[in-house]
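Here the structure is laid out as structure tokens; the discussion comes afterwards.
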Amino acid sequence: QVQLVESGGGLVQAGGSLRLSCAASGRTFRRYTMGWFRQAPGKEREIVAAISWSGGSIYYLESVKGRFTISRDNAKNTVYLQMNSLKPEDTAVYYCNAGPDVGTVVRGFGDYWGQGTQVTVAS
């Protein structure tokens with residue numbers, strides 16, 4: 001069992017930055033691929049980024065490439081999403097997800113979900 005708790009969301013002006021954190025419970029964190037998803041009002045949840053347990057395999061949504069960076073610290077059981085050059089269209093609830101591999105997480109079939117953290121980008 002893995003419990004995920006996101007933090008770091010908030011209100012920011014367009015062009016600004018935020019860093020999201022997802023703290024995981026359980027000693028098996030390092031076995032999981034971790035992902036960040038987002039869901040904007042009236043839209044489906046979409047994958048934003050994913051990182052394998054070693055950090056050797058990383059996936060990004062095309063629209064965030066060059067602006068967002070996913071990373072993880074297995075010693076701290078934490079995964080991060082550094083978001084720079086934020087745009088109003090990045091406004092959404094951001095969710096942390098854990099699954100067995102990058103392919104499974106990217107398709108949205110990871111086993112565990114956090115409660116989400118709101119990110120609002122003002123124009």
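The selection criterion, being more than 17 Å from residue 111 (Cα to Cα) and either open to solvent by less than 40 Å² (accessible area, probe 1.4 Å) or more than 10 Å from the chain's Cα centre (by Cα) (or both), holds for residue 13.
Confirm whether residue 38 is open to solvent by less than 40 Å² (accessible area, probe 1.4 Å) and farther than 12 Å from residue 78 by Cα. When the stated conditions are applied, residue 38 passes them. Pairing each residue of region 95-110 that is on the phi > 0 side of the Ramachandran plot and at pLDDT below 95 with any residue that is open to solvent by 40 Å² or more (accessible area, probe 1.4 Å) and among the charged types (D, E, K, R), provided the two are 6+ apart or on different chains, yields C-beta distances under 9 Å for 108/45; 108/46.
For region 47-55, check the following and say yes or no: at least one residue is closer than 16 Å to residue 113 by Cα, without any contact (Cβ under 8 Å) to a residue 24 or more places away in the chain and either in contact with a Lys or Arg (Cβ under 7 Å, 6 or more places away or on another chain) or open to solvent by 30 Å² or more (accessible area, probe 1.4 Å) (or both). Checked region 47-55: no residue is closer than 16 Å to residue 113 by Cα, without any contact (Cβ under 8 Å) to a residue 24 or more places away in the chain and either in contact with a Lys or Arg (Cβ under 7 Å, 6 or more places away or on another chain) or open to solvent by 30 Å² or more (accessible area, probe 1.4 Å) (or both).
The values are calculated or read from the model by the stated rules, or taken from the named source; none is laboratory data. What you are looking at is a predicted structure, and each value in this text was computed from that prediction instead of being measured. Every residue, glycine among them, receives a Cβ derived from its backbone with ideal geometry; neighbour counts consider all protein chains shown. For accessibility, only protein heavy atoms count, side chains too; no ligands or nucleic acids. Shrake-Rupley method; radii C 1.70, N 1.55, O 1.52, S 1.80 Å.
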